[in-house]
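S.K.: Pasting in a structure now, in structure tokens, and then I'll have a few things to ask.
The values are calculated or read from the model by the stated rules, or taken from the named source; none is laboratory data. Owing to the predicted nature of the structure, the values given are computational and were not obtained by experimental measurement. In this analysis, Cβ positions are derived from the backbone assuming ideal geometry, glycine residues included, and neighbour counts consider all displayed protein chains. The area values use the complete protein model at the heavy-atom level, side chains included, leaving out ligands, DNA and RNA. Shrake-Rupley method; radii C 1.70, N 1.55, O 1.52, S 1.80 Å.
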Amino acid sequence: LVAYELGESGSMASVSFQSAAMGGVFACFPRVLLVHRAGEPAGRALYIFLVAGPAPAQGGGMARVVHLAIPRGESAGSLARMYGAFRAFNPACAQTQLLLVDPDLPQRPALAQAFPAAEVQLSVFHLCKRLQVQIQQLTLEGRAERLILATLSDTMYAATKSNRRKMHALLRDLVTPDLLPRLHIDWLLDDEIWATHRERTWGESIYYLRDLEMVTQGLSEVFSAGLSLESCITSLAQHYQECVSKSPPDAVMCSAPHPHHHSATENPEGDSNEEINRRTEECIKQSLRDICTEPAAWLCLSEFAVVQKSVQLIGTEEDALTIQVLEDAYTVDLKGLSSCTCHFNQVFQLPCRHILAVLNSDRKTLQPEMLSRQWQKGSDAHQAERDSADGLLEILKSSWDESLDKSLLVSFLTEEISQLLTHCNREEFECRYRTLRELADSWIGPYIKVKL
């Protein structure tokens, strides 16, 4: 569906575009609609309409896009005509209950008038992006800026009242009073702004914010090329289609069978590949929850979230698999699938996104031997304490030695930190790890990030 206006010269002056797929998505998920505005040097603006609640599982983040429009200027009348075209294309807009907008969206009353039954509220995605840019522009001392941005990240992914209050207090304490008004920090304490976002789990927040970032950035880059309106809308439609395509032309996927792992799914009923993949992913996630401690499962599920939303390029070699998940390539050891060359696996000794990608492509599940014993659910913490006690008894019987004393202190402290990190729930793990991160960085110095 296309609606357009012609200028005095007979060329296109405004356009609203919507494919059948876009209309189908909005018809299924009309409750929460997000409106994003992208500008370009020539003064034109692209308006992207996205579903901000549930979204299709297939097609990646671009599947959230339900309408594209380039209005003829941004007067109230011009934007009213644009919103009117959206309503004409989408009878389901009568079911829209919430509109999420950028704080700087022009002519907000025109949007409210076009959707009289819906509430207009600030978008957490835009609020956090704006806050992030403003914090970086304040030229704060390096350690203070890193602390604020890390706390903002926590707030974005877990929008609890305590996290938002912490962010508010941090900004109030570290930013000079004359700069505070431009940050609008009271938005952090407004429960209505965060109500919808707060309902999302940590993993869902990652999906949602990453989807919006990828979509808005990709479409904005196409739009900023400065093409004629006819060429611009064509390029935008082509970009959308390429992103939602199930089989991108440059993605070559291959895998080799690994008979030494238990199969996650079989296909006796001739189900589609899509259904088999869905069951495989659910089995992998369940195996993570069954085998791992809560912090370990949380870390691995975050890694697997990347796998599910990415194209995986898997190449076979004689004794290893080369895995690429939209990033630099890393090597997974085929023997046991317990080792990868990436930083996550090397540091945490947990299944990383590359190992999980192999499991996913081979339709296998996680096995206990793929992670170290300390991360396994039901691992005996008391046995570890007894082992430490036995080691301590041997030390007490030996003669005193300064270097031995120092190495023992480090060893016992490391063991204690390890126990504190592995035997706790997710919230405790996040708090303890973040505290350890801040302590390590400030102990060594603000310009060196310590490898934990």
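S.K.: Report, by chain and number, residues whose modeled amide H sits under 5 Å from the one on Gln376, excluding near sequence neighbours (fewer than 5 apart, same chain).
M.R.: Here Thr293 satisfy the definition.
S.K.: Further, regarding this structure: Highest mean first, what order results for 63-76, 122-135 on Cβ atoms within 10 Å? Let's see the in-between values first.
M.R.: Numbers: 63-76: 21.5, 122-135: 19.1.
My ranking of the peptides, most packed first, is 63-76, 122-135.
S.K.: Once the piece of chain linking Val2 and Ala57 is laid out straight, how much longer is it, given 0.36 nm per residue of separation minus the C-alpha distance between them? Walk me through the numbers before you get to the answer.
M.R.: On the way: separation 55, 0.36 × 55 = 19.80 nm, distance 2.63 nm.
Here the answer is 17.2 nm.
S.K.: According to the square roots a ≥ b ≥ c of the eigenvalues of the Cα gyration tensor, what is the shape class of segment 124-172, taking rounded for a/c under 1.5, prolate for a/b larger than b/c otherwise, and oblate for the remainder?
M.R.: Values: a/c = 2.04, a/b = 1.36, b/c = 1.51.
Since a/c reaches 1.5 but b/c is at least a/b, the shape of segment 124-172 is classed as oblate.
S.K.: Still on this structure, please answer the following. Find out how many positive minus negative residues lie around Met12, taking Lys and Arg as positive, Asp and Glu as negative, among other residues whose Cβ is under 9 Å from that of Met12.
M.R.: Details: positive: none; negative: Glu5, Glu230.
That sum, taken over residues with Cβ under 9 Å, equals -2.
S.K.: Could you rank the peptides 78-87, 212-221, 107-116 by their average count of other C-beta atoms within 10 Å per residue, with the highest value first? Don't jump to the answer; show the numbers that get you there.
M.R.: Details: 78-87: 20.4, 212-221: 17.3, 107-116: 15.8.
Averaged packing, sorted descending, gives the order 78-87, 212-221, 107-116.
S.K.: Provide the net charge surrounding Ala169, with neighbours chosen by a C-beta distance below 15 Å and charges set as Lys +1, Arg +1, Asp -1, Glu -1. Don't skip to the end; give the middle numbers.
M.R.: Details: positive: Lys161, Arg164, Arg165, Lys166, Arg172; negative: Asp154, Asp173, Asp186.
Once positives and negatives cancel, what remains is +2.
S.K.: Which shape class, rounded, prolate or oblate, goes with segment 87-130 when its Cα gyration tensor gives a ≥ b ≥ c as root eigenvalues, a/c under 1.5 marks rounded, and past that a/b bigger than b/c marks prolate? Could you put the intermediate results ahead of the total?
M.R.: On the way: a/c = 2.39, a/b = 1.85, b/c = 1.29.
Prolate.
S.K.: According to a simple spin-label model (label point 7 Å from Cα along Cα-to-Cβ), what is the distance in nm between Thr331 and Leu436?
M.R.: Each label point is offset 7 Å from its Cα along the Cβ direction, giving 2.9 nm.
S.K.: A 23 angstrom limit on the alpha carbon distance is what I want to check against. Which of Lys129/Lys166; Lys161/Lys285; Lys335/Lys364; Lys161/Lys377 exceed it? Each step should come with its number before you reach the end.
M.R.: Details: Lys129/Lys166 18 Å; Lys161/Lys285 28 Å; Lys335/Lys364 14 Å; Lys161/Lys377 30 Å.
In this structure, Lys161/Lys285; Lys161/Lys377 exceed 23 Å between Cα atoms.
S.K.: Which ³J(HN,Hα) values in Hz, rounded to whole numbers, follow from the phi angles of segment 214-224 under the Karplus curve 6.51 cos²θ - 1.76 cosθ + 1.60, where θ = phi - 60° and Gly and Pro get x?
M.R.: 5, 5, 5, 5, x, 5, 5, 5, 5, 5, 6
S.K.: For segment 188-196, in order, what is each residue's ³J(HN,Hα) by Karplus, 6.51 cos²θ - 1.76 cosθ + 1.60 with θ = phi - 60°, in whole Hz (x at glycine and Pro)?
M.R.: Per-residue couplings from phi come out as 5, 9, 7, 4, 5, 5, 8, 4, 5 Hz.
S.K.: Turning to a different aspect of this structure: Rounded to whole Hz and in sequence order, give me ³J(HN,Hα) for segment 282-297 from the Karplus expression 6.51 cos²θ - 1.76 cosθ + 1.60, θ = phi - 60°, writing x for Gly and Pro.
M.R.: Karplus values, whole Hz, x for Gly and Pro: 5, 5, 5, 5, 5, 5, 5, 5, 6, 9, 8, 5, 4, x, 5, 4.
S.K.: For Glu369, what accessible area in Å² do you get when you roll a 1.4 Å probe over the heavy atoms of the protein chains, rounding to the nearest 10?
M.R.: Counting only protein heavy atoms, Glu369 exposes about 120 Å² to solvent.
S.K.: Same structure, new question: Net charge around Val32, counting only other residues with Cβ within less than 13 Å of its Cβ (Lys, Arg = +1; Asp, Glu = -1)?
M.R.: Working: positive: Arg31, Arg64, Arg200; negative: Glu119, Glu199.
Once all neighbours under 13 Å are counted, the net charge is +1.
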